[in-house]
């Protein structure tokens, strides 16, 4: 028994059962089946579906890709143009508002300068008038015109008192007879010296009131009239 020959058929079957799948029959008469190729032991099944590329590997149409690129470029270009136009419009609006404010400020400044010049011109004219009248008054060339003009405002020539600067008394006496009507015997004019009255001016006292013809008072009246007609400056603050 120890030297009995080995059963080659059993050995082949055992070998097939040991190294290969048991459900695969092993035919000893036809010889040992060739071991499967190593490539067939890859896990998973093989077939036409396994050779299909994944969705990520699909190649798009070149024309479609070009269309998408152009569309994205045009969208970006339009957005950039819109943003630039909006920014430029905002800058233009700010510049326009600043320019309008600057023009308005210049107009206001010019108007203020004109009003200031008008006021200064009036004041200068009055100052010159005072100087000229004062000079003429000191020379006695004004008193005759002033007194005659003041007498025209007197409605009742009776009991009149003409107050003058002492230095103008003699000049008025020279034409005093011209101040009263010849046909009114009740007319009376008395001259009264008053040092408080500047030369060239006078005050006529009547029963109905006084006629103030002083030079300073006349200039004040003219000053008030001119100042009243000057443009009023807007209140500051």
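Nothing in this text is a laboratory measurement; each read-out follows from the coordinates by a stated rule. As the structure is a computational prediction, the values presented were derived from the model and not from experiment. Please note: Cβ atoms are built from the backbone with ideal geometry, for glycine as well, and neighbour counts cover all protein chains shown.
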Approximate spin-label separation residue 125-residue 183, in nm, with each point projected 7 Å along Cα-to-Cβ: 4.1
Cβ-Cβ FRET estimate between residue 82 and residue 108, R0 fixed at 22 Å, reported to 0.05: 0.05
Estimated distance in nm for a label pair at residue 67 and residue 169, the labels positioned 7 Å out from Cα along Cα-to-Cβ: 12.3
The range 62-237 - share of DSSP beta bridges that are antiparallel (%, nearest 5): 65
Rounded to 5, the percent of DSSP beta bridges in the range 146-232 classed as antiparallel: 65
Three semi-axes of the equivalent ellipsoid, the range 62-237, Cα gyration tensor, whole Å, largest first: 82, 15, 10
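Packing-wise, with mean Cβ within 10 Å as the measure, how do 65-71, 194-200, 123-129 rank, highest first? Let's see the in-between values first.
On the way: 65-71: 10.4, 194-200: 16.9, 123-129: 12.6.
In descending order of packing, they fall as 194-200, 123-129, 65-71.
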